[in-house]
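Input: a single structure, listed below in structure tokens.
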Amino acid sequence: MRAAIFSTHPYEVPFLDRANEEAGHDLTYLQTSLSESTAQLAEGFEGVALFVGDDASAEVLRTLHEGGTRVIALRSAGFNHVDIEEADRLDLTVLRVPAYSPHAVAEHALALMMVLNRKLHRAYNRTREQNFELSGLMGFDMNGKTAGIIGTGKIGEVLCRILRGFGCTVLGSDPEPNPVCEKMGVEYVELDELYARSDIISLHCPLTPQTHHLINAKALAAMRPGVMLINTSRGAVIDTRALIDALKKGTIGSVGLDVYEEEGDLFFHDLSDRVIHDDVFVRLITFPNVLITAHQAFLTREACTAIAETTIGNLSDFAADSVRPENTVTKRLIAPTA
Ligand code: NAD
């Protein structure tokens, strides 16, 4: 199949090439992201492969369809950047990578926690400047703390296991409690109770209409003073302006973000010699207790291998008229879950 790979990052080409060795699809790597102004580049390509920053809204999908595209292979688990209802109307098949390495993301969430807790980002800079002073670097024992996990699916489950290993009490919130988590001692509670009891809160739910701005001013006010908030799910689960207000008030202890609601214009690009026009983001990075990574939680060799293999497999399955239901994105997946 001829497939256009939008938003190709240099790191992923070797993984895609290796995965494609046997399948032999005709892949065209495009560095540009998909948008209304670039959708025409896909003309004549039966398949397109997209990443999280690509815009597959209704208008873009119509242009793809007119150009002959029949299958969209997402190189991600999340699919909030695709207008699924329009894809259904156009009979465009949308396939994703439902699971690649939940460990990659859960371990990155833990990395954010540990760096923020033990102030490693500050210690790293200090020692390079031969400043071996310890003031301002005080952390806390993870052992004995209470962690609240919102969304205990594949990634949340791995993080629950890691945190149980640290000796944390783990609270969960999920419309569909996970029996594996229950078995390891995770206590499912209502959100208000999770906010009130947790020293650390980590978000692992998908972005849906129900979870959009789930962490708003009211939720932030209900959290324990000094709470650590971690988001590796999707940026818009947090109302960033409300988060900034809470950070200014000093009620939030620290924040680790791998995602940001307006990340599309920023992340995955080198903007080091540009002026950033997003004042909300620029304010966010000024806080000493905020640590941001640019959507890299998935970035392990194991995860990239699995993403490439499943993406190429999805194209092959479509060509063979045998797509896997578990990889297919349908309206059912965006139906309200709570
Ligand atoms: P999953 O589908 O296995 O688990 C998601 C869980 O969230 C499910 O158990 C679901 O019931 C629960 N959920 C749904 N609505 C909820 C709500 N309102 N409140 C609480 N829980 C709710 O998904 P996963 O593989 O664990 O991935 C979780 C999310 O992580 C993805 O949707 C994606 O947005 C994000 N993700 C980020 C990266 C990254 O690199 N930062 C990589 C992969 C996935």
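The values are calculated or read from the model by the stated rules, or taken from the named source; none is laboratory data. These numbers come from a predicted model, not from an experiment. A quick note on method: Cβ atoms are made from the backbone with ideal geometry, for glycine too, and the neighbour counts reach across all protein chains shown. Surface areas here come from the heavy atoms of the whole protein model, side chains and all, with no ligands, DNA or RNA. Shrake-Rupley method; radii C 1.70, N 1.55, O 1.52, S 1.80 Å.
Condition (residue is under 29 Å from Ile285 (Cα atoms), free of Cβ contacts under 8 Å to residues at least 40 places away in the same chain and not charged (D, E, K, R)) applied to segment 145-160: is it met by at least one residue?
Checked segment 145-160: at least one residue is under 29 Å from Ile285 (Cα atoms), free of Cβ contacts under 8 Å to residues at least 40 places away in the same chain and not charged (D, E, K, R).
Here is a list: Leu74, Leu30. Which entry is aliphatic (A, V, I, L, M), at pLDDT 95 or above and under 24 Å from Pro98 (Cβ atoms)?
Every option except Leu74 fails the conditions.
Considering Ile162, Ile201, which residue is β-branched (Val, Ile, Thr) and within 13 Å of the ligand (Cβ to nearest atom)?
It is Ile201.
Go through (1) among the hydrophobic types (A, V, I, L, M, F, W, C); (2) more than 18 Å from Val82 (Cβ to Cβ); (3) open to solvent by 20 Å² or more (accessible area, probe 1.4 Å) one by one and return the number of the condition Leu16 breaks.
(3)
Look through segment 170-199, keep the residues that are among the β-branched types (Val, Ile, Thr) and closer than 11 Å to Ile150 by Cα, and return whichever of them is surrounded by the most Cβ atoms within 10 Å (Cβ to Cβ).
Ranking the qualifying residues of segment 170-199, first place goes to Val170.
Could you please give the count of residues in segment 185-207 that are free of Cβ contacts under 8 Å to residues at least 24 places away in the same chain and either assigned to a helix (DSSP H, G or I) or closer than 25 Å to Ala297 by Cα (or both)?
Going through segment 185-207 one residue at a time, the tally reaches 1.
State which residue pairs qualify: first residue among the polar types (S, T, N, Q) and inside segment 243-269, second residue outside any loop (DSSP other than H, G, I, E, B) in any location, beta carbons under 6 Å apart, and separation of 6 or more residues or different chains.
Short answer, once both residue conditions are applied: Ser254/Leu116; Ser254/Met228.
Where in segment 224-338 are there helices (runs of 4 or more DSSP H), lying wholly inside it, with at least 2 residues that are farther than 23 Å from Phe51 by Cα?
In segment 224-338, the matching helices (runs of 4 or more DSSP H) lie at 240-249, 279-284.
Take the conditions among the polar types (S, T, N, Q) and away from the ligand (no atom under 16 Å from the Cβ) and apply them to Thr208. Does it pass?
no
In segment 64-118, which residues are open to solvent by 30 Å² or more (accessible area, probe 1.4 Å), of a type in the set (Lys, Arg) and within 16 Å of the ligand (Cβ to nearest atom)?
Arg96
May I ask you to say which residue of Thr240, Thr232 is on the phi < 0 side of the Ramachandran plot, out of contact with any strand residue (DSSP E or B) (no Cβ under 8 Å at 6 or more places or on another chain) and not aliphatic (A, V, I, L, M)?
Result of the check over Thr240, Thr232: Thr240.
Take His269 and tell me if it is away from the ligand (no atom under 14 Å from the Cβ), of a type outside the set (Phe, Trp, Tyr) and either over 20 Å from Gly148 (Cα atoms) or not assigned by TED's automatic domain parsing to the domain that holds Glu46 (or both). Before you say what the answer is, go through the steps one by one.
Details: away from the ligand (no atom under 14 Å from the Cβ): yes; of a type outside the set (Phe, Trp, Tyr): yes; either over 20 Å from Gly148 (Cα atoms) or not assigned by TED's automatic domain parsing to the domain that holds Glu46 (or both): yes.
The answer is yes for His269.
(1) in contact with a Phe, Trp or Tyr (Cβ under 8 Å, 6 or more places away or on another chain); (2) open to solvent by 10 Å² or more (accessible area, probe 1.4 Å): which one isn't true of Asp245, the others all being true?
Here Asp245 clears every test but (1).
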